[in-house]
């Protein structure tokens, strides 16, 4: 989705940061009206947007995560919002004087590029509350799945390094295996626990058919397994 290509009254370029942004305000003739940092807080952002001329277009280099508050407050102030993608900003930076990469220079590049090359801008999609909530939950789900996959891969690696026979026997989709590992650790922890049941017996058989590592490594294995689960 492209942002409107008509020249705005002014452009406020925001080089977005975690705790603060650098704001560069230029008029339609390219004159810098203001250039200063602003904290990533509602009150400070509201004051910044209230001081901008009517018809100002706010352009950010990130509109999610650390840039989301700025986008919301700009819209609440009745200002248009657009996004300058990172690749476009990087290419445009080479056309401006100076080589040092600073927040102040980056904000100026964003503002001047938005003013001079409006076709480089993308619109910032406005979504309803329900869709934004669904997007946030979907993002969290992706994060949880990624973490679970990483932890399972690490658990496999720990078991394989210590006792390949047990690693081959373990079914990580079986909650009872997970509970057994979480309770006692790896093959050697299960074998010496005296736990009963077919899974504990399989772990005991795997341990009996293998040579146990030194005690310090067994303890390290058990701790890693417990931490991963």
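Tabulated results
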read-out: Gyration tensor (alpha-carbon) shape descriptor, the range 10-126, a/c threshold 1.5; value: rounded
read-out: Spin-label pair residue 133/residue 210, simplified geometry with 7 Å Cα→Cβ offset, distance in nm; value: 4.7 nm
read-out: Calculated [θ] (222 nm, deg cm²/dmol) that DSSP helices of n ≥ 4 give over the chain, each run adding -39,500 (n - 2.57); value: -16500 deg cm²/dmol
read-out: Pair residue 168, residue 227: separation of 7 Å Cα→Cβ label points (nm); value: 2.9 nm
read-out: Label assignment, percent of Cα pairs over 34 Å apart derived from the structure, set (1) 24; (2) 45; (3) 7; value: (2)
read-out: Sorted largest first, extent of the range 130-228 alpha carbons per principal axis (Å); value: 55, 27, 19
read-out: Whole-Å distance, taken between Cα centres, linking the range 176-229 and the range 55-73; value: 52 Å
read-out: Rounded FRET efficiency, nearest 0.05, which uses the C-beta distance separating residue 153 from residue 20 and R0 of 45 Å; value: 0.75
read-out: Residue exposure sequence - 22, 188 - by fewest surrounding Cβ within 10 Å; value: 22, 188
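Each value in this text was obtained by applying a stated rule to the coordinates, not by laboratory testing. Worth saying up front: this structure is predicted, and the values here are computed from it rather than measured. A quick note on method: Cβ atoms are made from the backbone with ideal geometry, for glycine too, and the neighbour counts reach across all protein chains shown.
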